[in-house]
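Q: Here it is, the structure in full.
Read the figures in this text as sums done on the coordinates, not as results from a lab. These numbers were taken from a predicted model, which means no experiment stands behind them. Note: ideal-geometry Cβ built from the backbone for every residue, glycine included; neighbour counts use all protein chains shown.
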Amino acid sequence: MREQSLRPAEILLVEDNPDDVEITLRAFHKVRLANTVHVVRDGQEALDFLFREGDYSDRADAAQPDVILLDLNLPKVNGLEVLDKIRASDGLSSIPVIVLTVSEQQEDVRESYKLGANTFITKPVDFEKFVHAMEILGEYWMVIARLPPKEA
């Protein structure tokens with residue numbers, strides 16, 4: 001088991017579909033993943049959150065998320081563009097990004113990995129399968145994997 005700090009890891013969920021947000025949060029609750037989850041609903045909001053701009057300029061001293069769950073099909077700025085900007089930023093590039101999308105397109109998979117995604121997961125449509133996927137995801141990224149240390 002990896003060393004844990006006193007605070008739980010923080011997750012940024014970038015998802016525009018309210019039903020998928022609710023299902024994801026319910027799945028996390030069902031598998032007792034008690035981490036803090038911040039939800040943003042489009043690509044521009046994700047960038048504002050991460051770069052502490054716009055409505056999120058008051059986050060200047062807030063910790064960055066430990067893991068980002070990123071949908072690809074987002075309004076304003078698509079997920080691949082968000083991923084590209086994350087990987088191009090020295091302060092954000094080491095944060096694990098898990099693409100969590102309905103897309104099964106090989107081009108999306110290829111481009112996501114090319115841009116530096118750590119994992120690509122196609123969302124299962126069935127709720128129980130989705131919960132199981134979130135259980136595995138949570139166990140791996142929040143318990144087994146060693147996350148990068150926070151920047152000082």
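Q: Amide H to amide H, which residues 5 or more places from Leu69 or on other chains are under 5 Å from it, using H placed in the peptide plane?
A: For Leu69, whose amide H was placed from the backbone, the distant partners under 5 Å are Leu12, Leu13, Val14, Ile98.
Q: Let me ask something else. Under unit Cβ charges (Lys, Arg +1; Asp, Glu -1), what dipole magnitude, rounded to 20 debye, does the chain have relative to its Cα centre?
A: Computed charge dipole of the chain: roughly 540 debye.
Q: Sticking with this structure for a sec: May I ask you to compute the full-extension gain from Asp58 to Lys129, defined as 0.36 nm times their residue separation minus their alpha-carbon distance, rounded to one decimal in nm?
A: Result: 21.8 nm gained on full extension.
Q: Please compute the contact order of segment 42-127 in relative form: average sequence separation of alpha-carbon pairs under 8 Å and at least six residues apart, divided by the residue count, as a percent.
A: Value for segment 42-127: 26 percent.
Q: Karplus couplings for segment 116-123 from phi (6.51 cos²θ - 1.76 cosθ + 1.60, θ = phi - 60°), rounded to Hz, Gly and Pro as x?
A: Computed from phi, the couplings for segment 116-123 are x, 4, 7, 8, 10, 10, 8, 5 Hz.
Q: Same structure again: Can you give the local net charge around Asp19? Use residues other than it whose beta-carbon is closer than 15 angstrom to its beta-carbon, Lys and Arg +1, Asp and Glu -1.
A: -3
Q: Tell me, in nm to one decimal, what length is gained between Arg26 and Asp84 on full extension, where the rule is 0.36 nm per residue of separation less the Cα-Cα distance?
A: Taking Arg26 through Asp84 to full extension adds about 18.0 nm, to one decimal.
Q: Related question: Any chance you could run the full-extension gain for Lys76 through Tyr140? It's 0.36 nm times the residue separation minus the Cα-Cα distance, nm to one decimal.
A: Taking Lys76 through Tyr140 to full extension adds about 19.9 nm, to one decimal.
Q: Okay, next question. Of Leu92, Ile136, Pro124, which is farthest on the positive side of the dipole of the chain, counting Cα position, with +1 on Lys and Arg Cβ, -1 on Asp and Glu Cβ, and the Cα centre as origin?
A: Working it through, the farthest residue towards the positive pole turns out to be Ile136.
Q: Per Stokes-Einstein, at 4 °C and 1.567 mPa s, what whole-number D in µm² s⁻¹ belongs to the chain, with the Kirkwood radius over Cα pairs as the hydrodynamic radius?
A: 83
Q: Something else now. Which residues make up the longest stretch of the chain clear of GluC sites (Glu not before Pro) that lie in a DSSP loop with no more than 13 other Cβ atoms within 10 Å, not counting the sites?
A: The longest uninterrupted stretch comes out as 54-103.
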